[in-house]
Amino acid sequence: MVVGDVTTGTDVLIIGGGPGGYTAAIRAAQHGLDATLVERDAYGGTCLNYGCIPSKAMITATDIAHEARHAETMGIHADPTVDMRTLVEWKDGVVDQLTGGVEKLCKGNGVNLVEGTATFVDDETVRIAHGGEGQGSESIEFEHAIVATGSRPMELPGFDFADDRVWSSRDALDADEVPDELVVVGAGYIGMELSTTFAKAGADVTVVELLEDVLPSYEDDISRVVRNRATDLGIDFRFHESAIEWLASDDGDSIEVVTESEGGEETVLEADRVLVAVGREPVTDGLELEALDLATDDRGFIETDDRARTDLEHVFAIGDVAGEPMLAHKASAEGIVAAGVAAGEPAALDHQAIPAAVFTDPEIGTVGLTEAEAEDAGCDPVVGSFPLRASGRALSMDESEGFVRLVADAETEFLLGGQIVAPEASELIAEVGLAIEMGATLEDLAGTVHAHPTLSEAVMEAAENAQEQAIHTLNR
Ligand code: FAD
Ligand code: NAD
């Protein structure tokens, strides 16, 4: 203990107030445990302050501008421009509302909130350094600790985020104007969501991606729909290329981004800003995990079991710091499990039905197994699909690209997974997730009367298609 420290004790100490940490803290308090949440920056973590919520606010706003600009065929004529400063102010207001809400919810549930940076001293004590220099510190002894310290953007060699012209996603979400020309490095989740947003805001966007397509972790027909729409928006793609350096142009603020193809050929792209979105890495520095002797994998993620426990039974790791998928709802779900286990409940995480949603144009929603994954898992899958061009609601929204696909076990008809590319796919996928969780069959989905005209009818139609009973498509 440092001289001058005050030492207190708590049942559960949670480090990090993102969607993993604050959910764990509230649930631990609801279990009747004394819960203490330590946060060094802002309640709500990356998700509320610099990630999910700000990006979705920007996406919504630029969608409105884009749709208004392209509604001539519906007899609507408008030429909106995007005032980025006002947009960012509005986004900040949304964020403030939510982060204030998190703080109130924690207090209302009896969680002790401590502001500062936590460092492990040993396997039952952390030291908290408050604020800046001279702000003091305290030590807290814990029965259980939950590490929920999240992740940060990975830097690309030569692209230092300290320079104003090199953007991380956080910088992009705080832009004070729309750059005329934007280079985006990485066509993953962030690269595709933000390149679409900035293209709709009026920027000329070029995306540089190491692999052969956008969103390479998704099936080809899903990536294709999103890539085609992005191309229609005017986004240029450079696949099989990496950004290797950037240079300031002679003319002041603009830059040149140098890319290299697989064959070693260099290209120079003119730009005003470059957004680097090549993945995220776990935040564990400063925690002194060595004091606990905790195992991390080769990428630095803390290793855990299905009960969110590390090598030490009383120390848990949840959310991004515990590895892929780095999604807010996965962090919260793990937080609930960790709090339950700390309270002596028989809780465990079932990864089978964790959905993923990408807020591109159109959106992607997936849950459970793809057809190939089902085969690899030894199942005999049956697949049904429904194209959006056959949906009355989709056409009345002027949307016809995309589909709903369901994967089920051929013999039992139990639902195994679903992939949706459509407007509101992030919402539609919830029905498929619920169906998997509840052990529903194709008949359950096909036999559920869906309101007309809605996009959700496409889920029912895909189930009917898998049963060779489709009304609005020809059965395969
Ligand atoms: P975080 O939210 O990162 O929170 C960790 C917290 O720990 C931080 O507040 C940090 O200050 C604090 N901390 C770290 N070290 C210490 C310490 N030593 N002491 C005290 N406090 C500490 N996910 C989705 O599911 N949907 C989306 O639409 C989505 N969009 C995204 C968009 C962007 C641009 C980005 C960057 C991410 C997005 N994500 C999205 C991912 C999502 O933000 C993360 O998966 C989620 O925030 C992880 O939650 P977490 O609680 O593990 O960590
Ligand atoms: P990502 O892993 O989704 O994509 C990174 C992309 O960069 C990949 O396609 C990769 O091939 C490419 N890449 C890597 N090195 C490169 C290089 N040198 N040059 C060109 N391309 C390169 O990572 P991200 O987009 O940074 O997002 C990080 C995480 O944040 C995601 O894994 C996701 O978990 C989370 N996120 C989720 C959402 C959502 O749920 N809607 C939105 C944004 C972020």
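The values are calculated or read from the model by the stated rules, or taken from the named source; none is laboratory data. These numbers come from a predicted model, not from an experiment. Neighbour counts are summed over all protein chains in view; Cβ atoms, including those assigned to glycine, are modelled from backbone coordinates with ideal geometry. The area values use the complete protein model at the heavy-atom level, side chains included, leaving out ligands, DNA and RNA. Shrake-Rupley method; radii C 1.70, N 1.55, O 1.52, S 1.80 Å.
Listing for the model above:
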| quantity | calculated |
| --- | --- |
| Probe 1.4 Å, all protein chains present, accessible-area order of W167, W90, largest first | W90, W167 |
| Heavy-atom accessible surface of the chain: percent carbon and sulfur, 1.4 Å | 47 |
| Charge sum, other residues only, whose C-beta stays under 15 Å from E288's C-beta, Lys/Arg counted +1 and Asp/Glu -1 | -4 |
| Sites matching GluC sites (Glu not before Pro) across region 1-108 that sit in DSSP coil, with at most 10 neighbouring C-beta atoms within 10 Å | none |
| The chain: antiparallel DSSP beta bridges as a percent of all, rounded to 5 | 60 |
| Under 13 Å, Cβ to Cβ, from G186 - net charge with Lys/Arg +1 and Asp/Glu -1 | -3 |
| With all protein chains modelled, accessible area of C52 [1.4 Å, Å²] | 50 |
| Solvent exposure ordering (accessible area, 1.4 Å, most first) of H70, H329 | H70, H329 |
| The chain: calculated mean residue ellipticity at 222 nm from DSSP helix runs of at least 4, using -39500 (n - 2.57) | -9500 deg cm²/dmol |
| Coordinate range along principal axes, alpha carbons of region 362-466, Å, largest first | 40, 25, 20 |
